[in-house]
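Peer 1: Mind looking over this structure? Questions follow.
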Amino acid sequence: MYSPRVIIIEDEPKVALFLKKGLEENQFKADIAYDGKMGKEMILKGKYDVVILDLNLPLLNGYEICKEIRKRNNLVPVLMLTALSTTEDKLTGFESGADDYLVKPFEFRELLARIKALIKRTKQNGATGNVLKVADLELNTETKTVKRQGSVIDLTAKEFSLLELLIRNKEKVISRTEIADKIWDINFDTGTNVIDVYINFLRKKIDKNYLKKLIHTHIGMGYTLREQE
């Protein structure tokens, strides 16, 4: 039976060892890196199913590690586990390429559920990879690339997941609650404006420089992706 591999990049030994023990009790293999530099080297050399990443780390912070991972086209899911809890902190984390964000203190069973959800989603994406198209927009779920009119558009991991959700549900209005559930997985704080901010990020990259707009707002209901009427 395959045991998923997790790397814990955390400079507080008590927290790191607590996570390692809990994961190993749940049939995961877990490695620890106590500083950012060591963590980055271990990720780039090894093959992990999930990265658990603190932000305030010695030598190299979590944002820098995440950017380095994505720069090398490494699609390993990254869960940021940190005491930094503002909306701005979360946005910075997702913009760096994180797939999920959990604030300390936390319940271990929620962390475990999020890790399992990330692994499941990664497997699903890999198994059903193909090219999705709407008008002149193309999204490749295998290579994780997006093009419009043949030009490559760079997206963060979260932006890519949001766009994929919209394309797979083209013409359908997707509510903020559904977006929070499917993209942020579990109990994401829908009281913040994070979803609206991410829609705006996408609009700037997908629609701003093109005559035909694809992302549309339905006030009080949500968002849809469709060809402009």
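Peer 1: Just to be sure I understand the model, the point goes 7 Å from the Cα along the line to the Cβ. What's the resulting Ala135 to Lys21 distance in nm?
Peer 2: Inter-label distance under the simple model: 5.6 nm.
Peer 1: If I build a Gaussian network model for the chain, linking alpha-carbon pairs within less than 10 angstrom, which residue out of Glu12, Glu68, Glu159 has the largest mean-square fluctuation?
Peer 2: Largest GNM mean-square fluctuation: Glu12.
Peer 1: Here is a follow-up. I'd like to know how region 3-89 sits against the 2.2 N^0.38 Å rule of thumb: what's its Cα Rg over that expected value? Can you show the working numbers first?
Peer 2: On the way: Rg = 12.2 Å, N = 87, 2.2 N^0.38 = 12.0 Å.
Relative to the rule-of-thumb radius for its length, region 3-89 sits at 1.02.
Peer 1: Relative to a virtual label point 7 Å from the Cα of Lys14 in the Cα→beta-carbon direction, which members of region 23-50 show backbone nitrogen distances below 19 Å?
Peer 2: 23, 33-35
Peer 1: May I ask which of Lys40/Lys67; Lys172/Lys213; Lys45/Lys120; Lys90/Lys144; Lys116/Lys158 have a Cα-Cα span longer than 19 Å here? Walk me through the numbers before you get to the answer.
Peer 2: On the way: Lys40/Lys67 10 Å; Lys172/Lys213 16 Å; Lys45/Lys120 23 Å; Lys90/Lys144 22 Å; Lys116/Lys158 17 Å.
The pairs that break the limit, which is 19 Å between Cα atoms, are Lys45/Lys120; Lys90/Lys144.
Peer 1: Still on this structure, I have one more. What FRET efficiency would be calculated for the residue pair Thr145, Lys170, taking the C-beta separation as r and a Förster radius of 22 Å, to the nearest 0.05? If you can, show how the numbers build up before the last one.
Peer 2: Values: r = 19 Å, r/R0 = 0.85.
Once the sixth-power term is evaluated, E becomes 0.75.
Peer 1: Please identify the trypsin sites (Lys or Arg not before Pro) of region 11-51 that satisfy two criteria: DSSP loop assignment and at most 15 other Cβ atoms within 10 Å. Which are they? All intermediate terms of the calculation are to be shown ahead of the outcome.
Peer 2: Details: sites: Lys14, Lys20, Lys21, Lys29, Lys37, Lys40, Lys45, Lys47; in loops: Lys47.
Counting only loop positions with at most 15 other Cβ atoms within 10 Å, the trypsin sites (Lys or Arg not before Pro) in region 11-51 are Lys47.
Peer 1: Would you kindly state how much longer the chain becomes between Ser3 and Asp31 on full extension, computed as 0.36 nm times their sequence separation minus their alpha carbon distance, in nm to one decimal?
Peer 2: Numbers: separation 28, 0.36 × 28 = 10.08 nm, distance 1.28 nm.
Fully extending the segment from Ser3 to Asp31 adds 8.8 nm.
Peer 1: Counting every Cα pair in the chain, what percent are over 24 Å apart?
Peer 2: Details: 11633 of 26106 pairs.
When every Cα pair of the chain is considered, 45 percent fall beyond 24 Å.
Peer 1: Filter the DSSP H helices in the chain by two things, a Kyte-Doolittle mean of at least -0.5 and an axial alpha-carbon span of 24 angstrom or more, and list the hits by number. Before the final figure, lay out the partial values.
Peer 2: Details: long enough: 108-127 (29 Å, -0.41).
Span-like helices, by this rule, are 108-127.
Peer 1: Divide by every residue of the chain the summed helix terms, -39500 (n - 2.57) for each DSSP H run of at least 4, and state the resulting mean residue ellipticity at 222 nm, rounded to the nearest 500 deg cm²/dmol. Intermediate values should be presented prior to the final figure.
Peer 2: Working: 8 runs with 95 residues, N = 229.
Rounded to the nearest 500, it is -13000 deg cm²/dmol.
Read-outs: derived from the displayed coordinates by stated rules, not from any lab. What you are looking at is a predicted structure, and each value in this text was computed from that prediction instead of being measured. Here the Cβ is made from the backbone with ideal geometry for all residues, glycine too, and neighbour counts use every protein chain on show.
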